[in-house]
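The values are calculated or read from the model by the stated rules, or taken from the named source; none is laboratory data. Everything numeric in this text was worked out from a predicted model, so none of it was measured. Cβ placement follows ideal geometry from the backbone for every residue including glycine, while neighbour counts extend to all protein chains displayed.
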Amino acid sequence: MPASTSSFADIPVASSPVRGAWLVVGLLWGVGCLNYLDRVMLTTMRDSIKAAVPMGDDDFGMLTTAFLVVYGLLSPVGGWFADRFSRRRVILLSLVVWSLVTWATSYVQTFHQLLATRVLMGVSEACYIPAALAMIADYHQAESRSFATGIHMSGLYAGMALGGMGGWVAEHHGWSSSFFIFGCIGVCYGLLLFKFLKDAPSPHAAGTVQIREPVMTTARALFSTPAMWIIALQWGALSFAGWAFVTWMPTFLKDHFHLTQTYAGFTATIYMQVAAFAGVLAGGAWADRWSRTQLRARAWVPMTALLLAAPLVLLTAHTTLLWVAVIGLIAFGFGRGCLDANMMPILCQVAQPQHRATGYGLLNLMGCLVGGGSAYLGGWLQEAKLDLSWLITGAAALVLVAACLLAFVKPLRRG
């Protein structure tokens, strides 16, 4: 029987992770941290970069939009490569190339050069997340999959939190220093992965079932179920909010509460990412435990957290009290963390193993196209002299939409 038509019933569910499973999570935690640190630290250096490289606010928004569009468009292709070839090789190549691009960013002098490096960053990072999450799903079965995914995703949030250092580094050592340092660190970390990271040995791991079908055939197979459409729509809705926060929250806090660049950068990242760190761990552990008795637990855990977060995000847009805004950031971070810990496990419940990386790449495509739109919309609002609270209000509405959509996800297997 072809791999693309095998029954879910044919795939046994193991009760424990295979050997080396937690080592893989630990190694990929470091890669995930570098992945997000390299991509988001630019947003906390806005004033310093604009002073060194002349551009308008819409141009600055375009930097994130260009990255997200390229990253999103190529994510399904990167996922397809990870499904067809070695996950390990795809991860290694992605890490080394984006680290070299990060290093090269420290030498740019014009807006177009900076834009080119963001485009190249999108190309090189497109392969990593789908391949990494699929590798973790290969190693970890239903009993530990959400928690293992959550640990890895906490590395991404650690990278986003550390990205908040960008404003401080830019003010004290120049904006290019961070790009140079972390680009070099990424290349060195790639040597460590080359020695210790291995593809899953399990005979049921997707990486050992190489698919021969074109990427569009895989896409049609994935979207043949209503559940895939639902999770794609909710991922897009939450991505609008997420990238609005990542790209424009430092600017919103700086202007709305009259903060310094450094303080606004830390406030916009540290509270939200610490909460997200807690969310991926708590949400992953909670979903693994609850899923033993409730098939839909992996969707219901983030649904609950996001329902609670939506009204607090709305308060963030309109409050005059910084501590109230911080509560909204914490609530959103925790809810997003709960979803990030469970997104690949939810996908494993509706997609076949040999399509997991491609499926997550398609979700990235949806999320990045919508997220790129929110990043550019923030720049347009700034150029039009309109308050960024409108952007945050829209984000709150879409957090609620995402939570409601999760209620309709019907799993096809325990996974």
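Residues that are over 10 Å from A375 (Cβ atoms), among the hydrophobic types (A, V, I, L, M, F, W, C) and under 12 Å from the mean Cα position of the chain (by Cα) within segment 230-246 comprise W235, L238, listed in sequence order. Of the residues contained in segment 55-65, none is found to be β-branched (V, I, T) and either on the phi > 0 side of the Ramachandran plot or surrounded by fewer than 23 Cβ atoms within 10 Å (Cβ to Cβ) (or both).
Of the residues examined, A325 is not one that is small (G, A, S) and farther than 20 Å from T43 by Cα. When restricted to residues that are within 18 Å of Y271 (Cα to Cα) and outside any helix (DSSP H, G or I), segment 321-373 contains 1.
Under the condition of being under 20 Å from V246 (Cα atoms), among the small types (G, A, S) and either surrounded by 24 or more Cβ atoms within 10 Å (Cβ to Cβ) or at pLDDT 90 or above (or both), the residues counted in segment 310-369 number 9. Please specify each residue of segment 354-384 satisfying the condition of being over 8 Å from G72 (Cα atoms) and under 12 Å from the mean Cα position of the chain (by Cα). Passing the criteria: Y360, L363, G371.
Suppose the filter is among the small types (G, A, S), surrounded by fewer than 24 Cβ atoms within 10 Å (Cβ to Cβ) and at pLDDT 75 or above; does G30 pass it?
yes
Consider segment 103-136 and keep the residues that are farther than 15 Å from K50 by Cα and free of Cβ contacts under 8 Å to residues at least 40 places away in the same chain. The one that is surrounded by the fewest Cβ atoms within 10 Å (Cβ to Cβ) is A116.
The set of residues from segment 246-264 being under 20 Å from W390 (Cα atoms) and assigned to a helix (DSSP H, G or I) comprises V246, T247, W248, M249, P250, T251, F252, L253, K254, D255, H256, A264.
Filter segment 161-206 down to the residues that are assigned to a helix (DSSP H, G or I) and modelled with pLDDT under 75 and list them by number.
A161, G163, G166, G167, W168, V169, A170, E171, H172, H173, A206
Of all residues in segment 280-316, how many are in a helix (DSSP H, G or I), out of contact with any helix residue (DSSP H, G or I) (no Cβ under 6 Å at 6 or more places or on another chain) and under 13 Å from I346 (Cβ atoms)?
Total meeting the criteria: 1.
Run down G279, G265 and say which single residue is surrounded by 24 or more Cβ atoms within 10 Å (Cβ to Cβ), modelled with pLDDT of 90 or more and over 30 Å from R84 (Cβ atoms). Even if it seems obvious, please write down each step before you answer.
Details: G265 fails: modelled with pLDDT of 90 or more.
Of G279, G265, the one residue that is surrounded by 24 or more Cβ atoms within 10 Å (Cβ to Cβ), modelled with pLDDT of 90 or more and over 30 Å from R84 (Cβ atoms) is G279.
Yes or no, residue by residue, for (1) in a helix (DSSP H, G or I); (2) within 14 Å of the chain's Cα centre (by Cα); (3) at pLDDT 90 or above:
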{"site": "A14", "(1), (2), (3)": "no, no, no"}
{"site": "V18", "(1), (2), (3)": "no, no, no"}
{"site": "L23", "(1), (2), (3)": "yes, no, yes"}
{"site": "R39", "(1), (2), (3)": "yes, yes, no"}
